[in-house]
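Single-structure report; data block below.
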Amino acid sequence: MILTLLPKNLAKQGFSFVAGEGDEECKECRFYKTCVVNLKPGRIYTVASVRNIEHPCKVHDSGVIIVEVTESEIEAAIPKKYAIEGISGVFSFLCNEKCQYHDFCIPDGINIGDKFSVVKIKDKIECPLGINIVRVTLKIKN
């Protein structure tokens, strides 16, 4: 589990978000490391539990609350030949086509070069470019 801070209205178990880099004002805050540095920008996190500890915040008027988060699994598309549960790989799939599956081919939370493992195989995607791809659930390997 990773500790961080979220605005009170977002601090709910099961809430998922993409971590940012914090505002300029954040760098002077005594909670900067917990709130911003503990998370990797661009990664998706899910709130596992909410602690009943609140703090004031210059960026969020309602203040922030301490939460425990985990890095989320990611829905993505990968070439079928790599779609094997448990297999590890390096994410390198690129697609410039703006089709209905684009968000799986270029998903939030994973970057080219990130190591991953396949958690679950979902379904075949009918790629308009004719590429043999499959929708899978990935877990980033740190």
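Tabulated results
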quantity	calculated
Estimated dipole of the chain in Debye, rounded to 20 [Cβ of Lys and Arg +1, of Asp and Glu -1, Cα centre]	440
Virtual spin-label span in nm between F15 and S88, 7 Å along Cα→Cβ	3.4
Proxy reagent accessibility, fewest Cβ within 10 Å first, across L129, L39	L129, L39
Pair K8, K81: separation of 7 Å Cα→Cβ label points (nm)	5.6
At R0 = 41 Å, FRET efficiency that the Cβ-Cβ distance of N38 and K98 yields, to 0.05	0.75
Along the chain, longest interval not containing exposed trypsin sites (Lys or Arg not before Pro), exposed being DSSP loop plus at most 16 other Cβ atoms within 10 Å	99-140
Ordering of 16-23, 70-77 by packing [mean C-beta count within 10 Å, highest first]	70-77, 16-23
Long-range HN-HN contacts of K120 with modeled amide H, under 5 Å	T137
GNM flexibility winner over the chain from G86, G130, G63 (Cα, springs under 10 Å)	G130
Entry for semi-axes √(5λ) of the Cα gyration tensor in Å (calculated from the structure that is shown) out of [x] 30, 15, 12; [y] 34, 15, 13; [z] 36, 22, 17	[y]
Other-chain or far-sequence residues with amide H under 5 Å of F15's (modelled H)	V47
Order of V50, V59, V64 under a 10 Å beta carbon neighbour criterion, fewest first	V59, V50, V64
Given charges at Cβ of Lys, Arg, Asp, Glu: the chain dipole, positive-most of P56, P7, P107	P107
Separation in nanometres of the label points that stand 7 Å from Cα toward Cβ, at S62 and S49	2.3
Cα centre as origin, Lys/Arg/Asp/Glu Cβ charges: region 2-71 dipole, Debye	200
Full-extension gain in nm, I112 to E126, via 0.36 nm per residue minus C-alpha separation	2.8 nm
Long-range HN-HN contacts of C127 with modeled amide H, under 5 Å	I133
Calculated from backbone phi, Karplus (6.51, -1.76, 1.60) coupling profile of region 131-141 in Hz, x at Gly/Pro	7, 7, 10, 9, 7, 9, 9, 10, 10, 5, 9
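No value in this document is a laboratory result; all are computed from the given coordinates. Worth saying up front: this structure is predicted, and the values here are computed from it rather than measured. Cβ atoms come from the backbone with ideal geometry, glycine included; neighbour counts cover every protein chain shown.
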